[in-house]
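A.B. asks: Structure in structure tokens, see below.
Any read-out appearing in this document is the output of simple, stated calculations on the displayed coordinates, not a laboratory observation. None of these values were measured; they are calculated from a predicted model. Backbone-built Cβ (ideal geometry, glycine too); neighbour counts: all protein chains shown.
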Amino acid sequence: MSAKLDRKGNRTMAAKGDNSGFARLDGLAFPQFAPGTVWLVGAGPGAPALMTLLGYHALQNADAVVYDALVNEEVLGWVRAGAKVEYAGKRGGKPSAKQRDISLRLVDLAREGKRVLRLKGGDPLIFGRGGEECQVLAGAGIPFRIVPGISAGIGGLGYAGIPATHRETNQSVLFLTGHDSSGAVPSLLDWSKLATATQVIVMFMAVRNLGQIAGKLVAGGRAAAEPVAIVSNATLPHQSVHQTSLAALASGEDLSQVPTPAIVVIGKVVSLRGSLDWYRDALKENGLG
Ligand code: SAH
């Protein structure tokens, strides 16, 4: 692609032809999606337009798409006609497809010579088991590509007006999961050390255990007044943000009305939201992003 710029930096010519909008993307020399390979694509946190161009290219070229629960089904409308679309998540209380079965399904589809797109919410390698699926593919000798996505733990905060880092506030940020494979607070984490090890903590899948976790952090020396934000349905028109404190959570605040999926942020960056909250009602009308 060679977008031409004039001396003032204004674009003068389209890459190929003078198409506008997405039609212009068709002229880009994207990497070939070869038959018999698997692409693990991050769909982003929710809003369809937060998918990457490479992800969009993959949707347009895949023969089979296997997608997860938190993927916005709007993006499935971008799959090319005739492609097979399979759901591999948990819904309506039915048991989730077993991880091993999903990985083997990807292997089977690739062995049938299909271009297989594995579509996951956020980034495929952040609490998304993408690494496990790649291990199975590697073991079976199936070539794969990873297409990163915007994680809810970063993009979701941005939509709530909360910077993950801010120069005056924090020089570190930690991602953790609030439950282990049994649903309990992860026992492999040393909560007393985590409490003061980092200025900002971003938690996935943490709402159910949040009271317990807040208690462990305060017991480990984290200030009880520390602000906390719970960002639900981030980047979507029904996004909502609940602000609270570690103290309130540790003393048993009722979170039963807080919708999920939700991302939890602990730290002073939460206070910046007071002036940076930009995703207001008028902007939510456009469901694309
Ligand atoms: N790979 C994903 C995370 C998968 S784990 C990523 O990078 O974003 C699933 C958890 O992600 C949810 O329980 C929730 O904590 C968070 N999450 C995903 N989508 C979200 C959204 N739109 N709003 C808030 N949290 C979200």
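A.B. asks: Residues with beta-carbon under 13 Å from that of A214, excluding A214: net charge, scoring Lys, Arg +1 and Asp, Glu -1?
C.D. replies: Summing Lys/Arg as +1 and Asp/Glu as -1 gives +1.
A.B. asks: Let me ask you something else. Once you have a ≥ b ≥ c as the square roots of the Cα gyration tensor eigenvalues for the chain, tell me rounded if a/c is under 1.5, and otherwise prolate or oblate according to whether a/b is larger than b/c.
C.D. replies: Verdict is oblate for the chain.
A.B. asks: Something else now. Cα gyration tensor of segment 29-150, axes a ≥ b ≥ c as square roots of the eigenvalues: rounded (a/c below 1.5), prolate (a/b > b/c) or oblate?
C.D. replies: rounded
A.B. asks: Another one. Taking the mean number of other Cβ atoms within 10 Å as a proxy for protection, how do you rank 235-244, 205-214, 115-124, 154-163 from highest to lowest?
C.D. replies: Result, highest mean first: 115-124, 154-163, 205-214, 235-244.
A.B. asks: Now for a different question. Please name which of V200, Q171, A110 has its Cα lying farthest along the dipole of the chain towards the positive end, using unit charges on Cβ (Lys, Arg +1; Asp, Glu -1) and the Cα centre as origin.
C.D. replies: Farthest towards the positive end: A110.
A.B. asks: So for the pair D6, T177, with labels modelled 7 Å out along Cα→Cβ, what separation do we get in nm?
C.D. replies: Each label point lies 7 Å from its Cα, and together they span 5.4 nm.
A.B. asks: Indicate, rounded to the nearest 5 percent, the antiparallel portion of the DSSP beta bridges found entirely in the chain.
C.D. replies: Rounded to the nearest five, the antiparallel share is 45 percent.
A.B. asks: Please list the non-local residues whose amide H lies under 5 Å from the amide H of V85, H modeled 1.01 Å from N, same-chain partners needing a gap of 5 or more.
C.D. replies: Close amide H contacts, sequence-distant or interchain: V65.
A.B. asks: Also, quick follow-up: In whole Hz, with x marking every Gly and Pro, tabulate ³J(HN,Hα) for segment 250-267 from phi via Karplus 6.51 cos²θ - 1.76 cosθ + 1.60, θ = phi - 60°.
C.D. replies: 5, 8, x, 3, 7, 9, 5, 8, 7, x, 10, x, 9, 10, 10, 10, 10, x
A.B. asks: Could you rank the peptides 64-70, 29-35 by their average count of other C-beta atoms within 10 Å per residue, with the highest value first?
C.D. replies: Final packing ranking: 64-70, 29-35.
A.B. asks: Another one. Let me make sure I get this right: for segment 179-289, a, b and c are the square roots of the gyration tensor eigenvalues over alpha carbons, sorted descending. Under 1.5 in a/c it's rounded, otherwise prolate if a/b > b/c, else oblate. Which is it?
C.D. replies: prolate
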